[in-house]
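Contents: one structure, followed by commentary.
The values are calculated or read from the model by the stated rules, or taken from the named source; none is laboratory data. Only a predicted model underlies this, so the values are computations on that prediction, with no experimental measurement involved. Here Cβ is always computed from backbone atoms with ideal geometry, including for glycine, and neighbour counts include all displayed protein chains.
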Amino acid sequence: MSSAVPGNGQCNHGPSDRRQDRIFELVSGYGPDVGQLCHAYPALMPGTGLGLAAGTSSAVPKVRFAGDPGIARLEALQDALDEGPGRDANRLRQAVRATDLTDPSWRLRWPRFTAAALDAGVRSVYALPLHAGGSRHAGAVTVYRGTPGTWGDAHRKTIETFTAAATELLTLQHRGLDPTGAFTDARRDRSILLLAAGAPLDPRPGLATDHPDVDLPLIRWFQQADLPAVRTHLQTVATHHALADADRYRFVLAAHEAMTNAVLHGGGHGQLLLWQGEGHLWCEVSDHGPGLSGTSLPIHRPGSGTPDCLAPGHGLWLIQQACTSLDIITDSTGTRLLLGYRLPSYHRQARRPAFRIGGLRGTRAASDSK
C-alpha cells in the first residue's frame with residue numbers, strides 16, 4: 001500500500017500473484033464461515049486430513065475443526081497435552097514438518113502425541129501457524145497423512161494458501177461483524193460482472209445491476225480490472241451515508257489509492273471491507289504481498305524533484321491526508337490498512353489514530369477539518 005515496494009520502488013508482480021488470487025478465491029467461495037472452508041479441504045488435498053485449532057492472539061487455541069474422528073482425537077490430545085506439531089507451529093510461529101513419525105526423534109519431541117498418531121495410522125504431519133495478510137491468531141492448521149515422505153512444493157503451497165484463507169476469515173470474524181449478507185451480495189455482483197464479460201452464467205432473477213447495495217458491512221475482492229466498479233460502489237455508499245461532496249471525494253480517493261497500491265505493490269489482488277461503527281465509516285484494505293518497510297511510511301509529502309504519482313510513499317501519504325484516521329498492520333505476510341472517516345452526525349471530537357507498523361505503535365493528531 002505504499003507507492004513503492006520496500007527497498008526498490010518497483011511493482012511486485014510475479015509468482016505470488018496467482019497465490020493471492022487463490023487465497024481470495026477460497027475466502028470468497030467458502031466464507032464467511034471458516035468451518036465451511038475446512039469442509040472443502042479434502043477436495044484441495046486428497047489423501048490427507050485436516051485439523052484446525054484457533055483462538056485470539058492472547059488466548060489458548062481451541063479445536064475448531066477436525067476432518068474425521070481420528071483427527072479429532074489427535075487435535076484434542078494436542079490441546080490436553082500441550083504437545084504436537086500444531087502446538088509447536090503456534091509457539092514457534094513457523095512451519096513444522098515431520099516426514100516420518102517413526103523416526104525416534106519425534107518420539108523424543110512429542111512422546112505421547114507421536115504414539116497416538118502412529119496408533120491412528122498417521123505417518124507424517126505438516127503444521128502452519130495462523131499468520132497471513134499481516135494478521136496473527138493463536139493456533140495452527142495441521143495436516144495429517146497416512147504415508148511417510150517429504151512434502152512437495154505443490155503440497156506446501158496448497159497448505160500455505162489454505163492457511164492464509166483460514167486466517168483471513170478468522171480476522172474477519174474477530175471484527176465482530178455479521179458479513180453473511182455481504183458475502184452473498186459480493187458473490188452476486190461478481191456473477192453479474194462475469195455475465196457481462198460473456199461468461200455462461202445463469203444469474204438469479206430479479207437482480208438489479210444498476211442499483212448497487214448500500215447496506216453495510218460491504219466486502220469486495222478486487223484486482224486491477226475491478227477498481228473502477230468498486231470505486232463507483234464506494235461513491236454510492238458514501239453518498240447514502242451523507243458525506244458531503246468534498247468529504248465523499250476524499251474518502252473514496254483514499255480507499256481507491258489503498259486498493260490501487262494493493263494491486264500494484266501487494267501482489268495484484270486484495271480485499272476491501274467497509275462497515276460503520278462509532279460514528280465512522282471504516283474501510284479495511286488487505287493484501288498478502290511482501291509488506292511495507294519503515295521507509296515507506298512518510299511523515300511529510302514525498303516526491304521532491306519527482307512526479308507525485310511516482311514518488312515512493314506518495315500513496316500512503318495521500319491516504320493519511322484524506323482520512324480521519326489510519327491504522328497500519330504490516331509484516332512479511334502482507335499489509336492491512338484501516339481507514340476511518342467521521343460521519344457528519346458524529347460529534348467532531350479529534351481522534352488520535354494509531355499507526356501500527358510491524359507491532360510498533362505511534363500516534364498522530366487528527367484534524368477536525370478532515
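Have a look at SER345, SER296 and point out the one that is buried (at least 23 other Cβ atoms within 10 Å of the Cβ) and either modelled with pLDDT under 85 or in contact with a Pro (Cβ under 8 Å, 6 or more places away or on another chain) (or both).
Values: SER345 fails: buried (at least 23 other Cβ atoms within 10 Å of the Cβ).
Just one listed residue meets the conditions, SER296.
Tell me yes or no: at least one residue of region 35-47 is of a type in the set (S, T, N, Q) and in contact with a strand residue (DSSP E or B) (Cβ under 7 Å, 6 or more places away or on another chain). Scanning region 35-47, I find no residue that is of a type in the set (S, T, N, Q) and in contact with a strand residue (DSSP E or B) (Cβ under 7 Å, 6 or more places away or on another chain), so the answer is no. Scanning region 9-66 for residues that are among the basic types (Lys, Arg) and either within 15 Å of the chain's Cα centre (by Cα) or modelled with pLDDT under 95 (or both) yields ARG18, ARG19, ARG22, LYS62.
What number of residues within region 246-289 satisfy the criterion of being part of a strand (DSSP E or B) and within 17 Å of THR167 (Cβ to Cβ)? Let's see the steps before the verdict.
Looking only at region 246-289, we keep the residues that are part of a strand (DSSP E or B), and these are 270-277, 280-287.
Among the residues that remain, those that are also within 17 Å of THR167 (Cβ to Cβ) are: 270-271, 273, 284-287.
Residues meeting the conditions: 7.
Taking residues in region 76-102 that are under 13 Å from VAL141 (Cα atoms), and partners anywhere that are part of a loop (DSSP other than H, G, I, E, B), the pairs with Cβ atoms closer than 7 Å and at least 6 places apart or on different chains are GLN78/GLY84; GLY84/TRP110; ALA89/ALA95; ASN90/PRO61; ARG97/TRP151.
To keep it simple, each residue is scored yes or no on (1) modelled with pLDDT under 95; (2) on the phi > 0 side of the Ramachandran plot; (3) buried (at least 17 other Cβ atoms within 10 Å of the Cβ); (4) not aliphatic (A, V, I, L, M).
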position	(1), (2), (3), (4)
PRO69	no, no, no, yes
LEU74	no, no, yes, no
ARG87	no, no, yes, yes
ASP103	no, no, no, yes
ALA116	no, no, yes, no
ALA127	no, no, yes, no
LEU130	no, no, yes, no
VAL143	no, no, yes, no
GLY146	no, no, no, yes
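So is GLU168 among the acidic types (Asp, Glu), surrounded by 23 or more Cβ atoms within 10 Å (Cβ to Cβ) and either within 23 Å of ARG22 (Cα to Cα) or at pLDDT below 95 (or both) or not? It is true that GLU168 is among the acidic types (Asp, Glu), surrounded by 23 or more Cβ atoms within 10 Å (Cβ to Cβ) and either within 23 Å of ARG22 (Cα to Cα) or at pLDDT below 95 (or both). In region 161-174, the residues that are not in a helix (DSSP H, G or I) form Cβ pairs under 7 Å with partners that are not basic (Lys, Arg), at six or more places apart or across chains, as follows: HIS174/THR56.
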